[in-house]
Amino acid sequence: MSYATLDDLIARAGSAEIGEIADRDGNGTPDPTVIAAALAAADQTIDGYLAVRFALPLTAIPPLVVKWAASIARYHLHRDGAPDYVVRDYKEAFAELRDAAAGRLMLPDAAGAVPPSNSLGGAQAAGTAPVFTAEALEGWL
């Protein structure tokens, strides 16, 4: 299952742009094989980053992952060089993917909610109770 669909690409870029960059046979509609190849390349890229920290396949596809897939696929569809705004979108997706792989960005669930963190963010240690406490040393000092 792909992270994004043709409808997601159209929602991100508009039907005019997708029609222009994905219609390789000139019949006026985006070519399904071209769209599928771009989406598959995006999926492989996303999986490569997320596999470091998350179990794959994802059980639910968060909207953030759909955005990454659409941005990466859109970039790949621009075979003659993408405009600056498409390149920025592509680079932003990669920056967020790197953050997710490094643990600096949590993936929200399919509804957009971020799961609560179990950590306070600081170092924690566990061990036995201290032997030399103020109570234990009372009278010795």
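Each peptide among 15-22, 128-135 gets the average number of other Cβ atoms lying within 10 Å of its residues, and from highest to lowest they stand as 15-22, 128-135. For the peptides 39-46, 27-34, the ranking by packing is 39-46, 27-34, with the highest mean count of neighbouring Cβ atoms within 10 Å listed first. Which net charge results for the neighbourhood of A93, defined as the other residues with beta-carbon distances under 14 angstrom from its beta-carbon, given Lys and Arg at +1 and Asp and Glu at -1? Neighbourhood net charge equals -1. Run through every distinct alpha carbon pair of the stretch 6-102 and return the Kirkwood hydrodynamic radius in angstroms, one decimal place. One over the average 1/r among Cα pairs gives 13.7 Å for the stretch 6-102.
Model label points for A11 and R24, set 7 angstrom from Cα along the Cα-to-Cβ axis, are 2.6 nm apart.
No lab work stands behind these numbers, since they all come straight from the coordinates. Being a predicted model, the structure only gives us computed values, none of them experimental. FYI the Cβ positions are ideal-geometry reconstructions off the backbone, even for glycines, and counts take in every protein chain you see.
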